[in-house]
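Just so it is clear, none of the values below were taken in a lab; they were calculated from the coordinates. A quick note: this is a predicted structure, and the numbers were derived from the prediction, not measured. With ideal geometry, Cβ positions are generated from the backbone for all residues, glycine too; neighbour counts draw on all protein chains shown.
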Amino acid sequence: MQIGTSLFYDRTSAQMTNLSAQTSTLTTQIATGKKLSAPSQDVVAYNRLTSIKQANADQAAYSGNISLAKSLLQQSDSTLTQVSTQLQRASELTLRANTGTLNDGDRKTIAIELKSILDDLVNLANTSDARGQPLFGAATGTKAVIQASDGRVTLGGTGDLPAIPVGDGTAIPATDSAERVFGNIPTKAGGKTDVFAILSDYITALDAGGDISAASATAIDGLSASQLQVSNVQGSVGARAARLDIVSSQATDATTARESDRTELEDTDLSTAITELQKQMTILSATQASFSKLSSLSLFTYLR
């Protein structure tokens, strides 16, 4: 088959242009460390990379929420431990006050310590979290509990705050309301009370003097139920913290897997790219040399 001069030049020129383009692409990939610089190079891979980058951005936000939730749960656990300690001491004082050998003066002294415990519980209930918000805040109200000038304490709001989103379709409650921690204590009459009312009523009875057996029985039962409730809430906090650890571990694994996919799709394999560049440059150099030699033959002069 005879090849015309024009066709020879066109084919050789196209071949060198293609080789130059491949060489330029490989040079860019080596210099930037990225295989893809435009969607047109690989639409499927580019779309997958876009999806990975969006997932990483979402996970960055979730990671911040996970850190916040962990901090809140740790603070809750620590604070609830202090609450439990105060309730234990209040129970001990209540049992002691019910002893028949004590007189009204002794019981008033115990009432003074119980008032101090009540104040400590109010302060613990109104603990601020890492965000400067009430640790035991509610869906309504700005303070966990409110103490009036006469010492009486009321809950500042009802309902739990929204759970914190820590993953796609996953949200974990990082705090509990004061109502859940200190309130809704069942009474023998079938009603509900709270820790603060239990202590306040008993303190009033101790200050009044006289027969306190009925008041002591009510306070002992109420404080026992309060301790059980705080223990249950603390157990829930621990369970949520454990769940958060699992979510965090799963997020780390998913991030690692995405990074592996991204690297395979986007990052340049330098050793392979350098080898291929050397190969293409060798072919381009040989093609240029062959073209130069063939185009200088006298036959081509006659064929023009």
task = Please work out if VAL230 is closer than 30 Å to ALA61 by Cβ and in contact (Cβ under 8 Å) with a residue 24 or more places away in the chain.
result = no
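Filter region 101-112 down to the residues that are without any contact (Cβ under 8 Å) to a residue 24 or more places away in the chain and under 17 Å from SER200 (Cα atoms), then identify the one that is surrounded by the most Cβ atoms within 10 Å (Cβ to Cβ). Working first, answer last.
The first filter runs over region 101-112 and keeps only residues without any contact (Cβ under 8 Å) to a residue 24 or more places away in the chain, leaving 101-103, 105-106, 109, 112.
Add one more test, that the residue is under 17 Å from SER200 (Cα atoms), and what stays is 109, 112.
Numbers: THR109: 14, ILE112: 11.
That would be THR109.
Having 2 or more residues that are within 34 Å of the chain's Cα centre (by Cα) and free of Cβ contacts under 8 Å to residues at least 60 places away in the same chain is the bar; report the strands (runs of 3 or more DSSP E) wholly within region 124-207 that clear it.
145-147, 153-155
Take the residues of region 186-211 that are β-branched (Val, Ile, Thr) and crowded, with 21+ Cβ neighbours inside 10 Å: which is farthest from SER71 (Cα to Cα)? First the steps, then the outcome.
Step one: filter region 186-211 for residues β-branched (Val, Ile, Thr), giving 187, 193, 195, 198, 203-204.
Subset that is crowded, with 21+ Cβ neighbours inside 10 Å: 195, 198, 203.
Details: VAL195: 26, ILE198: 31, ILE203: 36 Å.
Looking at residues that are β-branched (Val, Ile, Thr) and crowded, with 21+ Cβ neighbours inside 10 Å, I get ILE203.
Quick one: in region 58-107, of everything that is within 19 Å of LEU223 (Cα to Cα) and of a type in the set (Lys, Arg), which residue is nearest to the chain's Cα centre (by Cα)? Before the answer, list the steps.
Taking region 58-107 as the starting set, the residues that turn out to be within 19 Å of LEU223 (Cα to Cα) are 79-99, 107.
Right, trim to of a type in the set (Lys, Arg) and you get 89, 96, 107.
On the way: ARG89: 35, ARG96: 46, ARG107: 49 Å.
Only one residue tops the list, namely ARG89.
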query = Can you find a residue in region 152-159 that is in contact with a Phe, Trp or Tyr (Cβ under 9 Å, 6 or more places away or on another chain) and within 23 Å of ASN65 (Cβ to Cβ)?
reply = no
task = For region 97-121, enumerate the residues that are touching a helix residue (DSSP H, G or I) at 6+ places or on another chain (Cβ under 7 Å) and within 17 Å of ALA178 (Cβ to Cβ).
result = ILE117, LEU118, ASP120, LEU121
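Residue by residue, here is whether (1) out of contact with any Leu (no Cβ under 9 Å at 6 or more places or on another chain); (2) under 20 Å from THR85 (Cα atoms) holds:
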site	(1), (2)
ALA139	no, no
LEU155	yes, no
PRO162	yes, no
PRO165	yes, no
SER236	yes, yes
ASP245	yes, no
